[in-house]
Amino acid sequence: MKLIDRYNRISLLVTIAIIIVTGFVYYLTISYILTNRVDRDLLVEENEIFAYVKLNKALPQVFKSDGLKIRFVPSATDDIARSFGNAMFYNEEENEQEAGRMLTSSVKVGGKTYRIEIIESKVETEYLIRFIFFITLGIILVLLTLLLIINRILVRRLWKPFYRILEGIKLFNLADKNGINPVTSDIDEFRDLNVEVTAMSGRVMNDYQSLKGFVENAAHELMTPLAVINSKLDTLMQVGEMTDKQGEIISEVYHTVGRLKKLNRSMLLLSRIENKLMAERETIDLAEFIDDKLNEFQELLAERGIGISKDLKPCPVTINRDLLTVMLNNLLGNAILHNTANGQIEIRLNQNELVISNTGANTALNEQKVLQRFYKSPESEGSGLGLTLVKEICDSYGYLFGYSFEAGLHLFEIKFQ
Amino acid sequence: MMSFETIVKVLVIEDEPGLRDSIRDYFTEGGNICETAHDYESALQKINLYRYDCILLDITLPNGNGLDILETLKANHHPDGVLIISAKNSLDDRLHGLDLGADDYLTKPFHLSELKARVMAIVRRKSFNGNREIIFNEITVDLLAKQVSVNETPVKLTKKEYALLLYFIANKGKVISKNAIAEHLWGDEIDISDNFDFIYSHIKNLRKKLIDAGAGDYIQSTYGMGYKFGEH
C-alpha cells in the first residue's frame, strides 16, 4: 500500500468519525436551542393565559392556531407541577401527527383548578434541523472531496523528490561509474535523505572500486612471479639428467602453475568485463565463427569420439571478438570436456538463440550453482570461472544465459534480445 | 647432414631478474647472442649503440615506460624486431604497442618455448634474404606454401601438425612442456588443454609421418614432462 493511500485512508476515517461526532453534537445543540425557543414560546403563551385569567376571571377562549393548541382540563387535584414534555401534535390541516412540545401547567378560575396543556408543533424546528443537517452534509462531502484531491496532488508533489531519489537508488549499479544523481528539494528531510544516499552511494562505489582495484592489482602482481616460476621450470626442464620421478614432479608443478595462470587471467578478464574495458565491437557471423571453432576443436572431438550435429542459421552479432572467443571456447570446451566418450554435441543457432547441448553425466547440474563463481564439478580441473565468464559476457551484451537439463542432455542456451 | 642455423641476436629488457636470467639462458645457445638490460636507461643505451634481431620489451620498467623505448626505436628508424612482454593483458596496451610498431605481444606468464617461437617468427619475417624456408636436416618447411617435405618428398600434415613442427623447430634441442604445446595449438583460455592424451596422439602422428617420409626420429619424450625435438 502506498504511503499516500494509507495516509488518505486514515485521514478519511478520522475525518468521517469527527464529522459524525460533530454532527451529533451539532444536532443536539441546535435541537436543544430550538426546543428552548419553543419552550419560551410556550411560557409566553402561559403568561398570556395567566394575564387573561387574572383580568377576566375566566378561561380564555381557545382559537384554532396553526402551530399551537391549548386545552383546559378540569382537574381534581391542585398540585399540578409545571412541566415541559414532548408530545404529539395533531395537525388537522395536514391531517397528520407531528412532533410537538407540551407545557403542562395549572390555573385557578373561580375556585376551580384547570390543567393547562399548551402544545406547539415542532415541525418547523425539525425542518430547520433537517435543512441544517443537509447543508452540513453537503459541506462535508465537498470538503472531503477537496481534501482528497488536494492531498493527492499536494502529497504527490511533495513526495516527488523522494520518488526521484528512490528511482536513483533503483537504477544504482555498482559497475557503473556514475553514482546516484543528487535531487534538489527545499524540504529538509528529503535534502538530508538525498545527501546521505548520495554520500552512501559514493562510499559504496569507492569501496567497490578499491576492492576491485585490489583484486585486479593482485592478479596483475601475481603474473610476474608466475612468469618467473614458469620460466624457471622451463629452464629446469632443460637440465639433462633426470629421473622419471623428478620429471613427473616438475610436470605436476608446471601443470599447477598453468592452472594458477588461467585462474588469474579469468579473474582479470572478469574484472575487465565488469569495468566495461572490452568496448570494441565488430559484426561477426556467429555461424561462421562457430564453424571455425569446431574446426579448431576437431582433433579433440575426434579423440573422444564425440559426434557433432549442428543446425546453424546465419546470425550476425555485434560483439567483442575476444569475448566471443572466450565465450565459445568455454561453452564448447565444457561440452567436450564434460561429455562421455563417444557422446554427442548439438549446436542450434538462429537469429534468436544459440543452444549448445551435450551428453554427459546423467544428472542435472544445480542451475543456481552452476553460474556461481568458483563452482565446479568435483572432477573438473578448471578454474570454476568458465561459465561465470560466459554469464558475465552475456550480461554485458544484454543476452540471457541459462542452463537446463532435458532428456539426458545438458542445455546451455543464450538468448539474444 | 647440415642443419640450417639462424644466429639471432636478442636484447631482453626486463626488470625482473629471475625472468631475465631464464630468458637469457634459454636463448643463449648455438651461437645465439642474448644481451640484457634491467631498466629504462640501460635499455636506451643499448638500443642506441647496437642493433638486434629482436628486442624483448617489458612495458613496466623502473624509471620509465617500455613503450617510450619502442617510440625511440621507431623514431630513429631502427629495424629491430620488437616483442612486447607485459604482465598487463590489456587490449589497450596491446593495440597501442602494435600501433607503435611492435611486431608481437606476449602476456606474462608465458612459456619460454612460446617466446622463442614468437621471436623466431619475427626474425624470419624481418630477415632480408626472404627466409621463406626453414631447413632442419632433411626436413624443409616452405613457409609461404605451408608445405613440408622430407628429402624433396612432400609430407601431408594437418594444420595443427604443421604448427607443431614449426614450434618444435623453433625450439630445437629444448624440452617443451606438454602445457606449452597444448597452449600453442589450442590457446590458453580453455581448460580442455589440461587433458594431454590428445597431444600425445598428435605428436605420435607427426612423428610417424616424418619417419615414414624418410626423416630421422627427432621427437622424443623426456621424463614424462614434455617433448624434445632434435638429434639425439
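The values are calculated or read from the model by the stated rules, or taken from the named source; none is laboratory data. None of the values given here were measured: they were computed from a predicted structure. In this analysis, Cβ positions are derived from the backbone assuming ideal geometry, glycine residues included, and neighbour counts consider all displayed protein chains. Note: accessible area is taken over every heavy atom of the protein model, side chains too, but ligands, DNA and RNA are not part of it. Shrake-Rupley method; radii C 1.70, N 1.55, O 1.52, S 1.80 Å.
Structure data summary
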quantity: Hits in the stretch B:198-224 (condition: of a type in the set (Val, Ile, Thr) and within 16 Å of B:Asn137 (Cα to Cα)); calculated: B:Ile211, B:Ile219
quantity: Pick from the stretch B:12-26, criterion facing chain A (nearest Cβ under 8 Å) and in contact with a helix residue (DSSP H, G or I) (Cβ under 6 Å, 6 or more places away or on another chain), ranking: most open to solvent (accessible area, probe 1.4 Å); calculated: B:Asp25
quantity: Test for A:Ile356: is it within 26 Å of A:Pro314 (Cβ to Cβ), at pLDDT 90 or above and not in a strand (DSSP E or B); calculated: no
quantity: Residue, farthest from the chain's Cα centre (by Cα), within the stretch B:127-169, restricted to residues that are within 14 Å of chain A (Cβ to nearest Cβ) and among the hydrophobic types (A, V, I, L, M, F, W, C); calculated: B:Leu157
quantity: Total residues in the stretch A:290-314, condition open to solvent by less than 70 Å² (accessible area, probe 1.4 Å) and within 14 Å of another protein chain (Cβ to nearest Cβ); calculated: 10
quantity: Cross-chain or 6+ apart pairs with Cβ under 6 Å, the stretch A:139-158 first and in contact (Cβ under 8 Å) with a residue 24 or more places away in the chain, then not hydrophobic (A, V, I, L, M, F, W, C); calculated: A:Asn151/A:Asn8
quantity: Selection from the stretch B:203-232 of residues that are open to solvent by 70 Å² or more (accessible area, probe 1.4 Å) and more than 22 Å from A:Glu299 (Cα to Cα); calculated: B:Glu231, B:His232
quantity: Number of the condition not met by B:Leu91 [criteria: (1) in contact with a Leu (Cβ under 9 Å, 6 or more places away or on another chain); (2) at pLDDT 85 or above; (3) among the hydrophobic types (A, V, I, L, M, F, W, C)]; calculated: (2)
quantity: Positions within the stretch A:394-417 being surrounded by fewer than 17 Cβ atoms within 10 Å (Cβ to Cβ), free of Cβ contacts under 8 Å to residues at least 24 places away in the same chain and in a loop (DSSP other than H, G, I, E, B), in sequence order; calculated: A:Gly398, A:Ala407, A:Gln417
quantity: Single residue of A:Ala76, A:Ala81, A:Ala51, A:Ala58 found to be modelled with pLDDT under 80, over 21 Å from A:Thr125 (Cβ atoms) and surrounded by fewer than 16 Cβ atoms within 10 Å (Cβ to Cβ); calculated: A:Ala76
quantity: Where a residue in the stretch B:5-32 is at positive phi and in contact (Cβ under 8 Å) with a residue 24 or more places away in the chain and its partner, wherever it lies, is of a type in the set (A, V, I, L, M, F, W, C) and surrounded by fewer than 18 Cβ atoms within 10 Å (Cβ to Cβ), with Cβ under 8 Å and at least six apart; calculated: B:Gly30/B:Ile7; B:Gly31/B:Ile7
quantity: Where a residue in the stretch A:218-232 is facing chain B (nearest Cβ under 7 Å) and in contact (Cβ under 8 Å) with a residue 40 or more places away in the chain and its partner, wherever it lies, is surrounded by fewer than 19 Cβ atoms within 10 Å (Cβ to Cβ) and not hydroxyl-bearing (Ser, Thr, Tyr), with Cβ under 7 Å and at least six apart; calculated: A:His220/B:Lys88
quantity: Test: A:Glu98 is surrounded by 16 or more Cβ atoms within 10 Å (Cβ to Cβ) and closer than 21 Å to A:Leu28 by Cβ; calculated: yes
quantity: Which listed residue, of B:Glu71, B:Glu29, is surrounded by fewer than 18 Cβ atoms within 10 Å (Cβ to Cβ), closer than 20 Å to B:Leu106 by Cβ, assigned by TED's automatic domain parsing to the domain that holds B:Phe110 and out of contact with any Ser or Thr (no Cβ under 6 Å at 6 or more places or on another chain); calculated: B:Glu71
quantity: Test for A:Met242: is it surrounded by 11 or more Cβ atoms within 10 Å (Cβ to Cβ) and either closer than 30 Å to B:Gly224 by Cα or within 14 Å of another protein chain (Cβ to nearest Cβ) (or both); calculated: yes
quantity: Residue match in the stretch A:127-140 (condition: assigned to a strand (DSSP E or B) and of a type outside the set (A, V, I, L, M)); calculated: no
quantity: Selection status of A:Val326, aliphatic (A, V, I, L, M) and either in a helix (DSSP H, G or I) or not assigned by TED's automatic domain parsing to the domain that holds A:Gln298 (or both); calculated: yes
quantity: Answer from A:Ala341, A:Ala364 - the residue that is open to solvent by 40 Å² or more (accessible area, probe 1.4 Å), part of a loop (DSSP other than H, G, I, E, B) and in contact (Cβ under 8 Å) with a residue 40 or more places away in the chain; calculated: A:Ala364
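Residue-by-condition table, conditions (1) at pLDDT below 90; (2) within 39 Å of the chain's Cα centre (by Cα); (3) more than 24 Å from A:Phe289 (Cα to Cα):
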{"site": "A:Ala302", "(1), (2), (3)": "yes, no, no"}
{"site": "A:Gly305", "(1), (2), (3)": "yes, no, no"}
{"site": "A:Ser309", "(1), (2), (3)": "no, no, no"}
{"site": "A:Gln372", "(1), (2), (3)": "yes, yes, yes"}
{"site": "A:Lys376", "(1), (2), (3)": "yes, yes, yes"}
{"site": "A:Ile393", "(1), (2), (3)": "no, yes, no"}
